[in-house]
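Here is the structure we will look at.
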Amino acid sequence: MTVADPFLWLEDVEGEKALGWVRGENARSLGRLEADPRYQRLYDTVLAIITAEDRIPYPMFLGDGLSNFWQDGRHVRGLSRRTSLASYRTAEPQWETIYDLDALAAAEGRNWVAAGASILPPDDRLAMVALSDGGKDAVTLREFDIAARGFVDGGFALPEGKQNATWLDADTLLVGRDWGPGTMTASGYPYIVKSWRRGAPLDAAEEIFRGTADDVSVRIGVLRDPDGAVRGLVATRAVDFFASERFLLGDAGPIRLPLPGRASLQAFVSGQMVFSLEEAWERHGATYPSGALVSLDLAQCRADIEAAEATLIYAPGPRETIEGVAATRSVLLVAIYRNVRGSAVAYRHEQSAWQASPLPLPENASVQLIAASERDEQAFVDVAGYLLPNTLYLADLAADTAEPVKSMPARFDGSQAAVEQFDAISKDGTAVPYFVVRPRDLALDGNAPTLLYGYGGFQVSMNPAYSGALGKMWIEPGGVYVVANIRGGGEFGPEWHQAALKAHRQRAFDDFIAVAEDLVRRKITSPRRLGIMGGSNGGLLMGAMLTQRPELFRAIVCQVPLLDMLRYHKLLAGASWMAEYGDPDKPQEAAFLKAISPYHNLRAGTAYPEVFFLTSTKDDRVHPGHARKMAAKMASMGLPFLYYENIDGGHAAAANLKERARRNALEFTYLFQKLVD
């Protein structure tokens with residue numbers, strides 16, 4: 001569907017005219033928000049909390065010790081460091097710096113953002129460190145010697161691109177990247193993986209697997225035993241954002257695994273490949289439901305793929321979902337949520353079956369699997385709630401025990417607050433849960449400043465979490481904070497997500513509206529005091545709320561949003577999301593996309609709330625043109641809005657802690673102006 005667009009010039013990310021417009025809007029909005037005396041107080045509050053020295057240093061297992069990536073007031077970009085487990089358990093661990101990203105950025109004159117690392121087991125000495133310039137998804141990859149604490153002279157190095165590299169052995173990388181014209185998908189990701197030997201030029205790398213240009217991407221995973229020996233390679237060809245084909249690679253050629261398209265490889269333990277199912281699967285007369293966790297024996301698959309049997313690990317019931325999977329040396333650890341409350345269960349593969357042992361952890365809280373050791377049976381698990389500061393547990397899965405080892409101090413006074421869970425009834429009769437964090441003595445007169453948060457996409461769950469900054473800025477002063485668990489998310493498994501795909505996206509919007517209306521019905525708040533916030537797919541949600549129910553909200557914080565749903569697939573990574581939203585080039589799908597597209601549903605003369613758009617010039621996932629064009633169109637109609645585009649920051653709209661503090665302070669200054677004043 002072709003629609004005339006007078007603001008296409010704003011899609012020129014680094015164009016002089018477009019950036020001139022950005023600077024003008026930034027100056028206007030920052031001039032108002034930063035002049036508010038609350039701004040500096042909020043900025044100082046957030047920065048102090050997110051750089052506090054007594055935060056939990058979340059660990060990863062590294063060799064015979066632990067590593068941690070740390071950011072604070074002196075290291076806003078961060079440093080990688082390590083210590084022993086014994087030292088970590090003390091009140092003041094003795095850390096050894098591996099590398100300092102702030103120092104590297106200063107030395108090289110780049111705004112480096114850490115983007116992860118691929119580490120070669122079992123000795124965990126060599127790493128391919130990913131560095132992002134300003135927070136982009138495109139990264140530079142460099143080989144790093146952890147023991148020597150330096151980049152390897154003449155080692156593996158890959159120039160910037162949307163790429164991935166996995167260690168096969170100390171002298172071989174499996175690399176997916178741009179190999180030249182025609183080697184990247186329409187979504188901007190690699191579909192050809194090559195084996196690159198140490199010392200050989202990159203153009204001498206040998207192809208080992210390829211998908212097609214119509215795929216989203218292709219990656220290869222290495223299956224290793226606990227001592228690091230390679231047991232197999234699994235190529236995953238993502239034919240769309242959710243559906244994939246998986247192949248075991250070997251001398252006889254690729255063997256396609258007999259899994260449904262919507263399934264994900266989660267772990268390899270005790271010779272078992274563990275998969276989560278996002279759709280029902282029939283295999284040898286048995287039906288494994290959507291949302292279940294199953295395993296396939298690697299040896300059986302190699303010997304006779306047609307005869308290989310699947311084994312059920314766990315099938316969630318109603319209002320349940322699996323939120324995390326990790327593996328130690330011989331144990332599978334699974335985070336299971338029931339009605340948006342977490343637990344952790346250890347599974348052992350014994351006599352061709354999986355035996356379950358729940359871990360003793362606090363109830364009625366979120367449970368997140370942080371790290372698992374492939375050398376032994378230890379794992380770190382984090383437990384938190386809206387008013388419960390994070391506590392890190394060290395689990396010994398050999399004994400099915402868990403003990404707290406680190407706790408975050410309370411960042412705000414939550415003693416006068418309470419947490420409740422309600423259900424709102426959506427337009428089609430579906431019960432939609434939501435959490436309310438409110439003052440204990442809240443007067444139900446509709447006058448409470450209330451911030452409602454939502455996402456509703458890509459099977460991402462909005463589970464209870466502790467936010468010291470939000471608590472200090474909003475909850476402690478008496479504000480109400482609400483999180484809506486709408487369809488499109490993963491709170492109740494794949495079906496909860498799939499209920500809002502494509503032509504059914506309106507269901508997610510209806511769910512969010514139902515929660516907002518329920519808050520008003522309960523007299524917790526009123527449209528005059530109700531603000532909403534969401535980013536990325538949640539930014540699309542915010543745009544839909546702006547255009548569909550403008551009278552219901554006083555404030556809208558719209559972060560790194562999708563807003564032009566007829567061109568999203570032509571912008572950056574947008575083509576990879578057509579399985580979520582639909583294909584605008586197909587007339588029938590373009591029709592429903594236009595119906596929900598905020599950019600195409602603005603109406604001159606409508607009384608809209610003053611929305612606050614936030615994006616980043618260097619977001620190479622969701623194009624900043626979405627927010628730019630929406631704001632410019634509103635300006636042409638004389639409609640109110642604020643706009644801030646961080647020149648760096650990537651999809652998080654903040655490249656370091658100071659930028660994050662600034663973004664948060666701007667958002668909450670705006671919320672105070674709109675909902676409290």
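The values are calculated or read from the model by the stated rules, or taken from the named source; none is laboratory data. Worth saying up front: this structure is predicted, and the values here are computed from it rather than measured. Cβ placement follows ideal geometry from the backbone for every residue including glycine, while neighbour counts extend to all protein chains displayed. Protein only, heavy atoms only, side chains kept; ligands, DNA and RNA dropped before computing areas. Shrake-Rupley method; radii C 1.70, N 1.55, O 1.52, S 1.80 Å.
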If we scan segment 157-175, do we find a residue that is surrounded by 19 or more Cβ atoms within 10 Å (Cβ to Cβ) and more than 29 Å from residue 123 (Cβ to Cβ)? yes
Close pairs from segment 535-561: first in contact (Cβ under 8 Å) with a residue 24 or more places away in the chain, partner of a type in the set (S, T, N, Q), Cβ under 6 Å, at least 6 apart: 535/559; 539/559; 547/601; 560/536; 560/615
Quick one: which of 287, 328 is hydroxyl-bearing (Ser, Thr, Tyr) and over 21 Å from residue 231 (Cα atoms)? 287
What residue, of 516, 500, 508, is free of Cβ contacts under 8 Å to residues at least 60 places away in the same chain and assigned to a helix (DSSP H, G or I)? 508
Can you name every residue in segment 249-278 that is over 28 Å from the mean Cα position of the chain (by Cα) and not in a loop (DSSP other than H, G, I, E, B)? 249, 255, 256
Residue list for segment 314-337, restricted to those being in contact with a strand residue (DSSP E or B) (Cβ under 9 Å, 6 or more places away or on another chain), open to solvent by 50 Å² or more (accessible area, probe 1.4 Å) and at pLDDT below 95: 319
For residues that are in a loop (DSSP other than H, G, I, E, B), open to solvent by 60 Å² or more (accessible area, probe 1.4 Å) and charged (D, E, K, R), tally how many sit in segment 377-432. 3
Counted residues, segment 655-669 - those being part of a helix (DSSP H, G or I) and more than 13 Å from residue 558 (Cα to Cα): 8
Could we say that residue 543 is of a type in the set (Gly, Ala, Ser), closer than 17 Å to residue 455 by Cα and touching a Pro at 6+ places or on another chain (Cβ under 7 Å) here? yes
So for segment 301-313 (the condition being under 26 Å from residue 189 (Cβ atoms) and surrounded by fewer than 19 Cβ atoms within 10 Å (Cβ to Cβ)), does at least one residue qualify? no
Given the conditions (1) over 28 Å from residue 640 (Cβ atoms); (2) assigned to a loop (DSSP other than H, G, I, E, B); (3) in contact with a Gly (Cβ under 7 Å, 6 or more places away or on another chain), and given that residue 584 satisfies all but one, which numbered condition is not satisfied? (3)
Unique match (being open to solvent by less than 10 Å² (accessible area, probe 1.4 Å), assigned to a loop (DSSP other than H, G, I, E, B) and not hydroxyl-bearing (Ser, Thr, Tyr)) among 471, 457, 538: 457
Counted residues, segment 474-501 - those being under 18 Å from residue 323 (Cα atoms), touching a strand residue (DSSP E or B) at 6+ places or on another chain (Cβ under 6 Å) and open to solvent by 10 Å² or more (accessible area, probe 1.4 Å): 2
Which residues, counting only those in segment 554-578, are open to solvent by 10 Å² or more (accessible area, probe 1.4 Å) and either of a type in the set (S, T, N, Q) or farther than 14 Å from residue 623 by Cβ (or both)? 554, 559, 578
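Yes or no, residue by residue, for (1) closer than 18 Å to residue 131 by Cβ; (2) touching a Leu at 6+ places or on another chain (Cβ under 7 Å):
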{"site": "143", "(1), (2)": "yes, yes"}
{"site": "151", "(1), (2)": "yes, no"}
{"site": "165", "(1), (2)": "yes, yes"}
{"site": "169", "(1), (2)": "no, no"}
{"site": "186", "(1), (2)": "no, no"}
{"site": "192", "(1), (2)": "no, no"}
{"site": "233", "(1), (2)": "no, yes"}
